[in-house]
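Worksheet: the structure to be examined is printed underneath.
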Amino acid sequence: MNKTRPIALTAGAAGAFALLFGATPALADSHTNATLSVLHAVPELPVDVYANGERLIDDFQPGTLTDPLSLPAGAYDLALFPADAADGSGEPLLSAMGVELPAGADATVAAHLTEAGEPALTPFVNDTSEVAAGEGRLTVRHVAAAPAVDVRAGGEVVIDGLTNPNEESLTVPAGTVSADVVLAGTDTVAIGPADLSLTEGATTIVYAWGSGDAGYELATQTVQAGASAPTGVPGGSAGLAADEGMPAPLVGLTLAGLAGAAFAGRKYATSRV
Amino acid sequence: MRSSVVVLVLGLALAIGTPVTWALTRPDATAGTTVEQAIDAPSPSAAPSPTGTVPPAAPAPGLPPVTTRDAAPTVASPVPAPVRLSLPAQGVTAPLDAVGVSPDGQMELPEDVDRVGWYRFGPVPGDEGSAVLAGHVDDREQGLGALAPLRTTEVGDVVVVTGATGAETRWQVVSRELITKQVLPLDSIFDREGPPRLVLITCGGPFIPELRSYRDNVVVVAEPLP
């Protein structure tokens, strides 16, 4: 289980924030693009998203996620305006300047509420590293206006004490699990239970989002990770289909030939003397 | 004296000819191209699709169009598993079971040697990538398995897989190889990208009694028939 602390960008007008995503080593240099997804997890606030002054997403609804965008690596100025704003001028609701997207990085920027209920933009680096055959990676991100939570899967606590805006990951056997989110250290269910599909060879990211007023919900995102092959293929235990050496009668025939030749050769040699 | 020369020549002919004839007439361990070539080669019909999901880099100006979706959790509907494998030339028909990974990390196989496992984390036969079907060649109690005749398949033999809906995919063998288990090209065999391939695997080669296991895997690769 590892714990990553992303840099939280608290709400603000036109603050200049430089964010550095850690490039995923396995993917760095592989191409010149970066992959970016945007999640909208601020309840009841449709927005337009602008990147470098250009409108990227129009009328972006709470609880929705963009499909992965392949963007040229570089720095991006992100700004959120109310969905009814005419253009990307004036004071944004939220902004993040100079968000650095290195080549090969896979990141999700979440617009969400802080624990105190203030809007924030938080970039997360998605783990695309390889998982073992038959397994998937589960990443849980706390982006709700709520205190620390525990995450339970199949009734057992798998992540404990997760706080906004942090994340935790673990690898699990692929399949469907019933998960819920409870207030840390309690049995008080905040969200769920919900059935989650944990895809093999992928990272399933679960966001706990919302607020006490608007309600708490889960959002999910699946990011392809490196799938692995099984370590081998078994296949038999009795030896009935084995490639044998030469069958015994043929071995016998060969030996008989040798014996005959030896006998005759000896007789021939003796007769010459 | 002459008779002993005749016996000498006959004996030598027998001693040399028997093993040579046996070696020449036994079935070949391989047929067709190598397994790795057969899996990686593009089909004449299907162009290989580019790997990865990254579209070509767009020039810097202009942002790509964005699609959004509801992020509420959804439960993926299970992929319809194939149900039957048949190799008419070998007289093999076997029901298929969807299988995953054993605790030891190897591909899981049906206990019943008359059944064959379909690796459910890989593609469905016919989809992009390499669909893997494997079964036990034998079992101490159950005897020979459904895939025991796999080692006699020849290039051009037809393989038929029946899907969940009853629709059939037809395949043609392009490669058979006996590969020592330690050097099995697992990443090629279980490749989830590239042109559609069907890979059939069982055990073969000499049996190692101490390990209660065979030394090799018999691997057959088939390409889709148009």
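The values are calculated or read from the model by the stated rules, or taken from the named source; none is laboratory data. The structure presented is a predicted model; accordingly, all values stated were derived computationally and were not measured. Using ideal geometry, Cβ is built from the backbone for each residue, glycine included, and neighbour counts are taken over all protein chains shown. Just so you know, the surface numbers come from the protein's heavy atoms only, side chains and all, with ligands and any DNA or RNA stripped out. Shrake-Rupley method; radii C 1.70, N 1.55, O 1.52, S 1.80 Å.
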Q. Quick one: length gained pulling A:SER271 to A:ASP58 fully straight, 0.36 nm per residue minus the C-alpha distance?
A. 65.9 nm
**Q.** Cα centroid separation - the range A:156-191 against the range A:53-110, whole Å
**A.** 28
Q: Would you work out the relative contact order for chain A, in percent, from Cα pairs under 8 angstrom that are 6 or more residues apart?
A: 18
Q: Report, as an integer, the average count of C-beta atoms from other chains found within 10 Å of each Cβ along B:215-222.
A: 2
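When the solvent-accessible surface of protein heavy atoms is calculated with a 1.4 angstrom probe, in what order do B:ARG69, A:ARG55 fall, highest first?
On the way: B:ARG69 90, A:ARG55 115 Å².
Per-residue accessible area, sorted high to low, gives A:ARG55, B:ARG69.
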Q: Take every residue in peptide A:66-74, count the Cβ atoms of other chains within 10 Å of its Cβ, and give the average of those counts.
A: 5
Q) For the range A:127-229, what value does the Rg/Rh ratio take when both radii are computed over Cα atoms and Rh is the Kirkwood radius, given to two decimals? A) 0.98
**Q.** Quotient of Cα Rg and 2.2 N^0.38 Å for chain B, N being how many residues it contains
**A.** 1.34
Q) Roughly how many percent of the accessible protein surface of the range A:127-229 is carbon and sulfur, given a 1.4 Å probe and a whole-percent answer? A) 48
(Q) Can you compute 3J(HN,Hα) from phi for each residue in the range A:163-179, using the Karplus curve 6.51 cos²θ - 1.76 cosθ + 1.60 with θ = phi - 60°, rounded to whole Hz and x for Gly and Pro? (A) 10, 5, x, 9, 9, 9, 10, 8, 9, 9, x, 5, x, 9, 10, 9, 10
Q: Report, by chain and number, residues whose modeled amide H sits under 5 Å from the one on B:GLY117, excluding near sequence neighbours (fewer than 5 apart, same chain).
A: B:ASP97, B:ALA134, B:GLY135
(Q) Need one number: buried accessible surface between chains A and B, 1.4 Å probe, both sides summed, DNA, RNA and ligands left out, in Å² to 100. (A) 5400
Q. Taking Cα centroids, how far is the range B:133-178 from the range B:188-209 in Å?
A. 11
Q. For the range B:85-157, what's the radius of gyration and Dmax over Cα atoms, in angstrom?
A. 12.6, 38
Q. Dividing the convex hull volume of the Cα atoms of chain A by its residue count, what figure in Å³ per residue is obtained?
A. 202
Q.
Using the Karplus curve 6.51 cos²θ - 1.76 cosθ + 1.60 with θ = phi - 60°, what ³J(HN,Hα) values do you get for each residue of the range A:51-67, in whole Hz, with x for Gly and Pro?
A. 10, 6, x, 10, 6, 9, 10, 9, 6, 7, 8, x, x, 10, 9, 7, 5
**Q.** For B:72-82, mean number of other protein chain Cβ atoms within 10 Å
**A.** 4
Q: Tell me which residues come under 5 Å, amide H to amide H, from A:LEU198 once H is placed; ignore anything under 5 positions away on its chain.
A: A:GLY175, A:THR176, A:VAL177
(Q) Can you tell me, using C-alpha contacts under 8 Å and at least 6 residues apart, the relative contact order of chain B as a whole percent? (A) 23
Q.
Compute for the protein assembly as shown: radius of gyration divided by Kirkwood radius, i.e. Rg/Rh, restricted to C-alpha atoms, rounded to two decimals.
A. 1.18
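Show that you can apply the helix-only estimate: for chain A, add -39,500 (n - 2.57) for every DSSP H stretch of four or more residues, divide by all residues, and state [θ] at 222 nm to the nearest 500. Please report the intermediate quantities before stating the final value.
On the way: 1 runs with 25 residues, N = 273.
Mean residue ellipticity at 222 nm (helix-derived): -3000 deg cm²/dmol.
In what sequence, highest mean first, do B:149-161, B:86-98 appear when ranked by Cβ atoms within 10 angstrom? Present the calculation step by step, with values, prior to reporting the outcome.
Details: B:149-161: 18.9, B:86-98: 17.2.
Output ranking for B:149-161, B:86-98: B:149-161, B:86-98.
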Q: Would you mind getting the accessible area per residue of the range A:127-229, heavy atoms of the protein chains only, 1.4 Å probe, in Å²?
A: 34
Q: Determine ³J(HN,Hα), in whole Hz, for all residues of the range A:109-115 in sequence, where each value follows from phi through the Karplus function 6.51 cos²θ - 1.76 cosθ + 1.60 and θ = phi - 60°; x replaces Gly and Pro.
A: 9, 10, 8, 7, 9, 7, 4
